[in-house]
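**Q** Here you go, one structure.
The values are calculated or read from the model by the stated rules, or taken from the named source; none is laboratory data. Treat the numbers as computed from the prediction; the structure is a model and nothing was measured. Note that each Cβ is placed from the backbone with ideal geometry, even for glycine, and that neighbours are counted across all protein chains shown.
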Amino acid sequence: MFRKVLIANRGEIALRVIRACQELGVKTVAVYSEADARAPHVREADEAVLIGPAPSSESYLRGDTIIGAARQTGAEAIHPGYGFLSEREWFARAVRDAGLVWIGPPAEAIAAMGSKTAARSLAIAHGVPVVPGTTEPLTDAKSAEKLASEFGYPILLKAAAGGGGKGMRVVKAPKDLSSALDAARREAKAAFGDDAVYIEKFVERPRHVEIQVLADAHGTALSLGERECSVQRRHQKMIEESPSVAVDPDRRRRMGESAVRMAKAAGYVNAGTCEFLLARDGSYYFLEMNTRIQVEHPVTELVTGIDLVHWQLRIAAGDRLPFSQEEITPRGWAIECRITSEDAANNFLPSTGRVSYLHFPSGPGVRWDGGIEIGTEVGLHYDPMLAKLIVWAPDREQAVMRMRRALVDLIVQGVETSRDFHIRMMDDADFQRGDIDIQWLERKLPEILQRLPGAERTRIAAIAGALTAERERVRPGTSRAGGNLDTVPGAASADDPWKRAALIEGLHG
Ligand code: MV4
């Protein structure tokens, strides 16, 4: 095993990797920007190197500086986490060329999956199902029209270099094709510097189901089962779970075999994920492969009992995977909610501020993967995801109830978060039935934001009462409220219980 590893990331994933290193007896080096001088990942690592000013382009995206930091501290390997440099082929190559170990897939595998059309061709060549469509970029509107009528409308135009939904256009009728093609090309050019666009048949209201893969350097590649990631908004996942209500053991086996076949075809080593669309008729199609550890990896860890980051490190160090495919079956149910600094009630506007109070949930089956603490300044330089709340329970119904309980237990003050939104989600009947698809959240959002969880009123009244009683005990006669919601100035007229809570907690803050 390595003696020392550099973590080229920040926030919760940097802490997650540091913890895995600590458990393996590996020393850690953090890197940080000027904005992160007091960040938890800097304190928790054995050493830390300042790599530049707050903007990521001048710090967490500076491959040369980061490799320099590894050299300077004597780190033997670099873990990139997710985002930032994790899927940059040139960086994986530069790390290797510097004589360091890259804790991720080979640069060649990153490149093979970087082009969506190349990944589609690879899937077809290896008998992995893809959505009917082309693998060659479109040339002109005329031949595009001919192809589109072969597949049948609606069709979807996609950027060959794409991912994450950029450069995508749904076309419902032939008359709209030409202008949609122009628009998709322009968007693809702007986002990826490549205007190549291809056609797929549009799959209506599918689920997004992905398969976690682990592959070692000795030819073993295993599927760790699926994650259901359909609850997303504007291509940002909000809730993930494992297993999926839509995947039975037979489909799990078939999707797993497809994912393993893709990994082997790409010469994949380390942890990776194959994304699939799962259609309403039960058929599934390979979309793309993510060549990194993903945000939602904990739900897989909780149902398989396999520590993915631990195995990322051991695979990079040359170890063999000691389990067989038959030994890997999901047990129970895991759900993850992403806690972001976004104000759901205000169109998910990013919120900033200093975390003035933080109480994170605990108890049976509750896991908090966080990157914040009291005093953390939440700004606009980085991703708004502050933490992930993950629960495990014996079945889905209990997991939903456990998540709701844990969310109610969570208090973050000083910055708006997605907590209240998630409580409403756990109370939603469609979500409780698992009756979701990739468009579901956008359809449901207006209704969800209106819903007021009744239990919260009770809790807020209890908080008000408790705070008032405590204040009376410490400083008799100073309370302006008598422990009754109606006597908190302004609170009674606030129509939203969360506004009331803010008023009450502000009064006693
Ligand atoms: C699709 C699709 C429907 N039909 N392809 C979005 C991002 C990229 N990874 C692929 N995406 C989609 N491809 C066909 N042929 C619908 C989506 C899609 C989507 C996929 C996964 C998760 C969320 C999504 C949200 C909107 C559209």
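**Q** Which one is farthest from the ligand (Cβ to nearest atom), of the residues in segment 249-286 that are among the β-branched types (Val, Ile, Thr) and either touching an Asp or Glu at 6+ places or on another chain (Cβ under 7 Å) or outside any helix (DSSP H, G or I) (or both)?
**A** Val269
**Q** For segment 435-455, what are the residues that are more than 16 Å from the ligand (Cβ to nearest atom), under 16 Å from Ser230 (Cβ atoms) and either modelled with pLDDT of 90 or more or small (Gly, Ala, Ser) (or both)?
**A** Asp435
**Q** Still on this structure, please answer the following. Among the listed residues Gly63, Gly25, identify the single one that is crowded, with 16+ Cβ neighbours inside 10 Å, among the small types (Gly, Ala, Ser) and within 28 Å of Thr273 (Cα to Cα).
**A** Gly63
**Q** How about segment 256-285: which of its residues are crowded, with 22+ Cβ neighbours inside 10 Å and free of Cβ contacts under 8 Å to residues at least 40 places away in the same chain?
**A** None; the set is empty.
**Q** Moving to a separate point now. Are any of the residues in segment 100-111 away from the ligand (no atom under 16 Å from the Cβ), touching a strand residue (DSSP E or B) at 6+ places or on another chain (Cβ under 9 Å) and among the small types (Gly, Ala, Ser)?
**A** yes
**Q** Could you tell me how many of the residues in segment 134-167 are surrounded by fewer than 21 Cβ atoms within 10 Å (Cβ to Cβ), more than 21 Å from Ala111 (Cα to Cα) and under 28 Å from the mean Cα position of the chain (by Cα)?
**A** The number of residues fulfilling the criteria is 1.
Yes/no per residue for (1) under 18 Å from Leu313 (Cβ atoms); (2) in contact (Cβ under 8 Å) with a residue 40 or more places away in the chain; (3) in a strand (DSSP E or B); (4) more than 24 Å from the chain's Cα centre (by Cα):
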site: Val5; (1), (2), (3), (4): yes, yes, yes, no
site: Ile13; (1), (2), (3), (4): yes, yes, no, no
site: Val17; (1), (2), (3), (4): yes, yes, no, no
site: Val31; (1), (2), (3), (4): yes, no, yes, no
site: Ala35; (1), (2), (3), (4): no, yes, no, no
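**Q** Suppose the filter is hydroxyl-bearing (Ser, Thr, Tyr) and either surrounded by fewer than 21 Cβ atoms within 10 Å (Cβ to Cβ) or within 30 Å of Thr352 (Cβ to Cβ) (or both); does Thr329 pass it?
**A** Considered against the rule, which asks whether it is hydroxyl-bearing (Ser, Thr, Tyr) and either surrounded by fewer than 21 Cβ atoms within 10 Å (Cβ to Cβ) or within 30 Å of Thr352 (Cβ to Cβ) (or both), Thr329 comes out as yes.
**Q** Give the residue that is surrounded by the fewest Cβ atoms within 10 Å (Cβ to Cβ), with candidates limited to residues of segment 287-300 that are in a loop (DSSP other than H, G, I, E, B) and among the hydrophobic types (A, V, I, L, M, F, W, C).
**A** Restricting to residues being in a loop (DSSP other than H, G, I, E, B) and among the hydrophobic types (A, V, I, L, M, F, W, C), the top hit is Val295.
**Q** Could you pull out the residue among Ala112, Ala107 that is of a type in the set (A, V, I, L, M), within 30 Å of Gly68 (Cα to Cα) and without any contact (Cβ under 8 Å) to a residue 40 or more places away in the chain?
**A** Going through Ala112, Ala107 in turn, just one is of a type in the set (A, V, I, L, M), within 30 Å of Gly68 (Cα to Cα) and without any contact (Cβ under 8 Å) to a residue 40 or more places away in the chain: Ala107.
**Q** Same structure, new question: Restricting to segment 1-22, and then to whatever is in contact with a Leu (Cβ under 7 Å, 6 or more places away or on another chain) and either modelled with pLDDT under 95 or more than 14 Å from Thr73 (Cβ to Cβ) (or both), can you tell me which residue is surrounded by the most Cβ atoms within 10 Å (Cβ to Cβ)?
**A** That would be Ala20.
**Q** Further question: Hey, can you tell me all the residues within segment 168-194 that are of a type in the set (Lys, Arg), surrounded by 14 or more Cβ atoms within 10 Å (Cβ to Cβ) and within 16 Å of the ligand (Cβ to nearest atom)?
**A** Passing the criteria: only Arg169.
**Q** Could you figure out which of (1) within 19 Å of the chain's Cα centre (by Cα); (2) within 16 Å of the ligand (Cβ to nearest atom) isn't true of Ala246?
**A** So the condition that Ala246 fails would be (1).
**Q** Scan segment 342-364 for residues that are in a loop (DSSP other than H, G, I, E, B) and either touching a strand residue (DSSP E or B) at 6+ places or on another chain (Cβ under 8 Å) or touching a residue at least 60 places away in the same chain (Cβ under 8 Å) (or both) and report the count.
**A** Summing the residues that are in a loop (DSSP other than H, G, I, E, B) and either touching a strand residue (DSSP E or B) at 6+ places or on another chain (Cβ under 8 Å) or touching a residue at least 60 places away in the same chain (Cβ under 8 Å) (or both) in segment 342-364 gives 8.
**Q** Need the failing condition index for Ile239 against (1) more than 30 Å from Ile390 (Cα to Cα); (2) away from the ligand (no atom under 11 Å from the Cβ), just the number.
**A** So the condition that Ile239 fails would be (1).
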